1. Scanning for something within 30 Å of Phe211 (Cα to Cα), open to solvent by 30 Å² or more (accessible area, probe 1.4 Å) and assigned to a helix (DSSP H, G or I), does the range 83-90 turn up at least one residue?
2. From the list Phe53, Phe33, which residue is among the aromatic types (Phe, Trp, Tyr) and touching a residue at least 40 places away in the same chain (Cβ under 8 Å)?
3. Which residues, counting only those in the range 228-247, are open to solvent by 50 Å² or more (accessible area, probe 1.4 Å) and of a type outside the set (D, E, K, R)?
4. Got a sec? Which helices (runs of 4 or more DSSP H) wholly within the range 1-58 have at least 1 residues that are in contact with a Gly (Cβ under 7 Å, 6 or more places away or on another chain), within 24 Å of Asp71 (Cα to Cα) and at pLDDT 85 or above?
5. Among the residues of the range 304-316, which ones are surrounded by 15 or more Cβ atoms within 10 Å (Cβ to Cβ) and either out of contact with any Asp or Glu (no Cβ under 6 Å at 6 or more places or on another chain) or farther than 15 Å from Ala238 by Cα (or both)?
6. Let me confirm something: among Asp413, Asp384, which residue is closer than 26 Å to Ala356 by Cα, open to solvent by 50 Å² or more (accessible area, probe 1.4 Å), among the acidic types (Asp, Glu) and outside any helix (DSSP H, G or I)?
7. I'd like the full set of residues that are within 26 Å of the chain's Cα centre (by Cα), closer than 23 Å to Gly277 by Cβ and touching a residue at least 60 places away in the same chain (Cβ under 8 Å), limited to the range 289-344.
8. Answer yes or no: is there a residue in the range 278-298 that is in contact with a helix residue (DSSP H, G or I) (Cβ under 8 Å, 6 or more places away or on another chain) and farther than 30 Å from Ala403 by Cα.
Amino acid sequence: NPAFEAMSGYTRGELIGTSTRLHFPSEQAFVSFGEVAYPAMATDLVFRAQTEFVCKDGKHLWIDLSGAKLDTVSGETLWVFLDITEQVRAQAARDAAASRLEKLANRAPGMLYQFLLRPDGSACIPYASEAIRDAFRLSPQQVSEDATPLFAAVHPDDLKELEASIALSAKNLTHWQHEFRAKFGDAEVHWLFGNSVPERLPDGSVLWHGFVTDITEQRTANEKLRQLSRVVEQAPLAIVIADLQGHIDYANPAFCTSTGYSLQDVRGQNPRVLQSGLTASDVYTDMWHTLVAGEVWRGKFHNRKKNGDLYIEQAVIAPVLDEQGHATHYVAIKEDITLRMRAEVELQASLREKVALLNEVHHRVKNNLQVITSLLRLEAGRSDLPGTRAVLQEMQGRIQSMALLHEALYRGDSFASVDLGAYLRQLAT
């Protein structure tokens with residue numbers, strides 16, 4: 001008919017009596033088509049297929065082809081051709097776009113999904129990317145009709161709150177965001193974050209489009225940061241963080257308590273605001289040389305508080321390194337040791353006094369023993385009895401040995417013991 005002439009580019013005269021193989025892209029395609037089509041029509045069936053069609057000018061079209069047998073004896077058949085080239089190309093484009101989107105969805109750092117809540121309260125996941133296998137240990141097919149397996153994977157302690165948040169979002173059609181846990185087995189727990197936007201469908205259902213990401217590592221890191229922050233904030237030692245130029249970025253409450261300066265007072269300032277002028281300049285020189293070399297410095301500063309009071313602090317200062325090993329900041333941990341230093345000075349003075357007193361006591365005891373020895377010697381000189389003089393002389397020797405011991409104690413370095421060898425040599429002599 002004229003429509004076929006217009007489609008193929010051939011006139012009726014050019015077509016009548018020619019083989020239909022003229023319109024197939026290859027001999028093999030013609031043979032394969034006939035092997036399928038004619039047996040189907042031989043059983044009084046209408047054959048239908050989509051195939052390529054070659055025009056007179058060589059252009060290829062896509063045809064929706066329907067064929068039926070008209071006469072069993074002659075084998076005459078009727079064919080209807082419908083040009084569907086544009087539809088096929090459009091579908092191919094849609095399929096390619098869908099394939100690209102599917103690849104993007106499966107490569108995304110999280111699970112992309114659609115969640116459908118029906119009017120009767122039942123729910124399903126019409127679409128879920130492959131990341132659902134990591135997030136919930138489920139396949140997309142397991143939840144495509146019923147979302148019950150997904151809710152079964154939610155931690156029991158979080159399930160009611162999760163369902164309540166979904167119900168509230170469905171009621172008000174508000175943006176849904178929620179953090180919850182998924183539990184697998186007895187111990188494995190992952191933190192997940194859901195984020196989606198709802199829309200109400202004509203049948204009253206609510207459909208959410210969104211994503212779920214695993215935030216376990218993020219929450220673990222945040223918890224560690226919170227713990228470290230609490231440690232720094234509550235530490236009894238002053239902690240100061242400064243940039244490489246020495247400008248203070250942070251000071252904890254203990255620093256503010258010990259110095260009288262608030263964080264606002266010292267932020268952006270150099271720690272030299274604490275200097276009293278009593279710390280030797282070579283201390284600062286040594287400190288900077290140590291820090292620039294990437295090492296930890298330890299030492300003491302004589303500083304001044306905001307109210308003018310002097311104090312002594314023990315400091316440990318270290319560079320903070322990035323992943324490449326380059327210093328980005330300096331952190332100082334400092335302790336006010338003024339009272340300790342005063343106590344040490346007082347203790348040393350007291351110790352010196354006690355040493356002097358003990359020296360004097362041992363010296364006096366030794367002198368008194370010497371006096372006793374002299375008295376015994378006088379008494380022995382007055383006696384005419386040999387036995388009496390022998391007893392008095394023996395007593396003198398014993399008392400002298402005691403005097404030598406006291407002399408060794410106050411002349412030695414310790415009051416706890418004496419050098420027995422030196423004492424015995426002196427005694428024997």
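The values are calculated or read from the model by the stated rules, or taken from the named source; none is laboratory data. The model shown is predicted, which means the values in this text are computed figures rather than measured ones. For neighbour counting, all protein chains shown are included, and Cβ atoms are generated from backbone atoms with ideal geometry for every residue, glycine included. Side chains are part of the model used for accessible areas, which takes the heavy atoms of the whole protein and leaves out ligands, DNA and RNA. Shrake-Rupley method; radii C 1.70, N 1.55, O 1.52, S 1.80 Å.
1. yes
2. Among Phe53, Phe33, only Phe53 is among the aromatic types (Phe, Trp, Tyr) and touching a residue at least 40 places away in the same chain (Cβ under 8 Å).
3. Leu228, Ser229, Val231, Gln234, Pro236, Leu237, Ile241, Leu244, Gln245, His247
4. Result: 27-42.
5. Arg304, Lys305, Ile312, Ala315
6. It is Asp413.
7. Tyr330, Ala332
8. Yes; the residues of the range 278-298 include at least one that is in contact with a helix residue (DSSP H, G or I) (Cβ under 8 Å, 6 or more places away or on another chain) and farther than 30 Å from Ala403 by Cα.
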